[in-house]
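Novice: My structure is below; once you've seen it, I'll send some questions.
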Amino acid sequence: LDGARKAAIAMVDEKQSVIENLEAMIKSKVAELEEANDEAARVSKQMTEIKTSYEKKGNELNSRIKETEAKCMILQNAVTDTESEVNKLIMERNAKEERIAELESLIAEQQDKLTVTRMELSKADKKIDDT
């Protein structure tokens, strides 16, 4: 009976040793998991900070894009107004050039009439001189 008792105690001691080894392994794994969890929390925090930073930069870029688009619209309107003014000035210049051409034609006609009148006067003067 004493041998069976010693064998049972040895078996219990062996099981106790196995349990202690398992507990140590479990504690080690728990520590590893806690460390990994802490690392995951740090990474998650960094990712959130990066995301926030990119969102802020994105909002700033969107704001700059809107400002640039507004400036482009202002410039486009100015270009359109300038083109309209230039076209108006071109039309005015063309109208003046047409008027100048009309006046030059009228001047040429009047000069022709003057030349004819001078020739007639010259003929009349000659007739007077001849008589």
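The values are calculated or read from the model by the stated rules, or taken from the named source; none is laboratory data. As the structure is a prediction and not an experimental result, all values here were calculated from the model. Here the Cβ positions follow ideal geometry from the backbone for every residue, glycine too, while neighbour counts run over all protein chains shown. Remember, those area values only see protein heavy atoms, side chains included, never the ligands or the DNA or RNA. Shrake-Rupley method; radii C 1.70, N 1.55, O 1.52, S 1.80 Å.
Novice: Could you pull out the residue among ILE26, ILE9, ILE65, ILE19 that is assigned to a helix (DSSP H, G or I) and open to solvent by 100 Å² or more (accessible area, probe 1.4 Å)?
Specialist: ILE26
Novice: Picking from GLU120, GLU39, which residue would you name as being open to solvent by less than 100 Å² (accessible area, probe 1.4 Å) and either in contact (Cβ under 8 Å) with a residue 60 or more places away in the chain or part of a helix (DSSP H, G or I) (or both)?
Specialist: Testing whether each residue is open to solvent by less than 100 Å² (accessible area, probe 1.4 Å) and either in contact (Cβ under 8 Å) with a residue 60 or more places away in the chain or part of a helix (DSSP H, G or I) (or both) leaves just GLU39.
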